[in-house]
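The structure appears right after this line, and notes come after that.
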């Protein structure tokens, strides 16, 4: 009887410890979100979306150039990264199965684990050095390198889930495999693939380290893709480590916008995957 | 007769031309072109990885040749005299990552166990979603919070308290700066909890239900079931999750750069500022003036790359050894 009591007491204690660990994990989340919401909502204004940063000492200003810059960088990175990721996934699912596909899968996983700052260094040596200058293009290449493995692996997962009978039905009607892939396989996996793309975009939208010495940042509007370009994460970084209260407020507002963007994407992916099931 | 033979010849040549166009069609058919395109894109991923390793190696070669092994044992970092040693950065990276791992592991594994073994399914789902949210916050926002909220709080209340009560220990000596090794460890801990938790959860969910049922049928309490049936089965997978967390912590750049104080020194005290490998790259790489300076930073990047490659390969093998055979097994984000 006593034995049982000790054992159940131990059970209770351990259960309580697991519960405390969970609470301890969730507390920082709550604190960070409360701060972002509190500081962000009190700092944000219409100005934030329409004007560029003011010089130090002047109040106001916004991150309009950073928002547009991030948009440009994401669009360019997607233009480079999505075809590679999606076509790579098509190869793995439709033609793969051999040793080569496991090597490619492994390479993608390893690529995914490489610190993003190294991606930035590689983009620097490949683009910035030969073109003799920091540019939006170099930033986009760095972001694309981060995007590719994420898109590849999620798209592969989604294409694999398309039932083979669908493909066979199309092939039996004499449709060549490539048209089958576009018209049947990709189309029925579209929502899943889109989810993967959105996740990849959410990931690169917040990346700062690979942009430090590729896109570099810009206090003004940039007119060419071969010029340094502003990006929201870079602005948040530079303003956060500056000593100026006004810039801190801009950084908080930027953080709020970025987190809201992530939140929207996360909700969208949830909506997509629920619809599919 | 002549006519006949000519038609015969014609028939032969027609047959030939048909078979020729057929084989031409086969070569130029949509399918083979398509296959060619997809294989090119797939191979380009492998090419990118090799290119990255090659570029890093090539660019850091001047520094490797110049400093040799001294690069990782010397703690001089002098851009003017072009004398570079990376020891303070290696020290900073190793200590901050290991301490963060030490704190994050029990919390993450505890949370994973709570979610999979103890809580109701719905509550577990909500907790998992919240933890995933934690993973989605960009590094720079952790840094923003760390430098503007957490570091001042550490400087005001936590660090003076530690100095007053534990100041005799070498770990808590010096002035309270706020930005310090301690701040970096806390930020890193918060940042790697989600990855360790979600992979541990995946590992635990892959453990066959029969294991649990067998333990419970023998009269085990829930904790005994977890300790005897669940944890031993998932041990290597959880170890893999922890190592992946280590990989994330070592490569983490922005948040650490913003709170660690960026001072290249080796100090036992958690209160003093330090420096890490990614931070020095982030701070100095855009402003290098000499070839040797950029080569030295490249070599730090190469070391970082080698360590993360090693860690990732090891971790993936470990996780895969547990989750293989289950749906979506071994897939790690």
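The values are calculated or read from the model by the stated rules, or taken from the named source; none is laboratory data. Everything numeric in this text was worked out from a predicted model, so none of it was measured. Because the Cβ atoms are built from the backbone with ideal geometry, glycine has one as well, and the counts that use them run over all protein chains shown.
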Cβ contacts < 7 Å: first residue assigned by TED's automatic domain parsing to the domain that holds residue B:289 and free of Cβ contacts under 8 Å to residues at least 24 places away in the same chain, restricted to the range B:61-80; second residue surrounded by 14 or more Cβ atoms within 10 Å (Cβ to Cβ) and part of a helix (DSSP H, G or I), any location; separation 6+ or different chain. Result? B:73/B:87; B:74/B:87
Tally up the residues in the range B:61-90 that are assigned to a helix (DSSP H, G or I) and crowded, with 20+ Cβ neighbours inside 10 Å, please. 6
Taking the condition in contact (Cβ under 8 Å) with a residue 60 or more places away in the chain and more than 14 Å from chain B (Cβ to nearest Cβ), does residue A:76 pass? yes
Can you confirm whether the range B:155-178 contains a residue that is more than 12 Å from chain A (Cβ to nearest Cβ), buried (at least 24 other Cβ atoms within 10 Å of the Cβ) and either more than 30 Å from residue B:308 (Cα to Cα) or touching a helix residue (DSSP H, G or I) at 6+ places or on another chain (Cβ under 7 Å) (or both)? no
Taking the range B:310-321, which residues are within 9 Å of chain A (Cβ to nearest Cβ) and either in contact (Cβ under 8 Å) with a residue 60 or more places away in the chain or on the phi > 0 side of the Ramachandran plot (or both)? B:311, B:312, B:315, B:316
Tell me, which residue of the range B:122-152 that is farther than 26 Å from residue A:198 by Cβ and more than 7 Å from every other protein chain (Cβ to nearest Cβ) is surrounded by the most Cβ atoms within 10 Å (Cβ to Cβ)? B:146
Residues of the range B:181-195 classified as modelled with pLDDT of 95 or more and more than 10 Å from chain A (Cβ to nearest Cβ), total: 7
Members of the range A:179-207 that are closer than 22 Å to residue A:113 by Cα and assigned to a helix (DSSP H, G or I): A:193, A:195, A:196, A:197, A:198, A:199, A:200, A:201, A:202, A:203, A:204, A:205
Quick check, is residue B:167 on the phi > 0 side of the Ramachandran plot and assigned by TED's automatic domain parsing to the domain that holds residue B:264? no
Given the criterion under 21 Å from the mean Cα position of the chain (by Cα), surrounded by 21 or more Cβ atoms within 10 Å (Cβ to Cβ), within 8 Å of chain B (Cβ to nearest Cβ) and touching a residue at least 24 places away in the same chain (Cβ under 8 Å), identify the matching residue among A:254, A:206. A:206
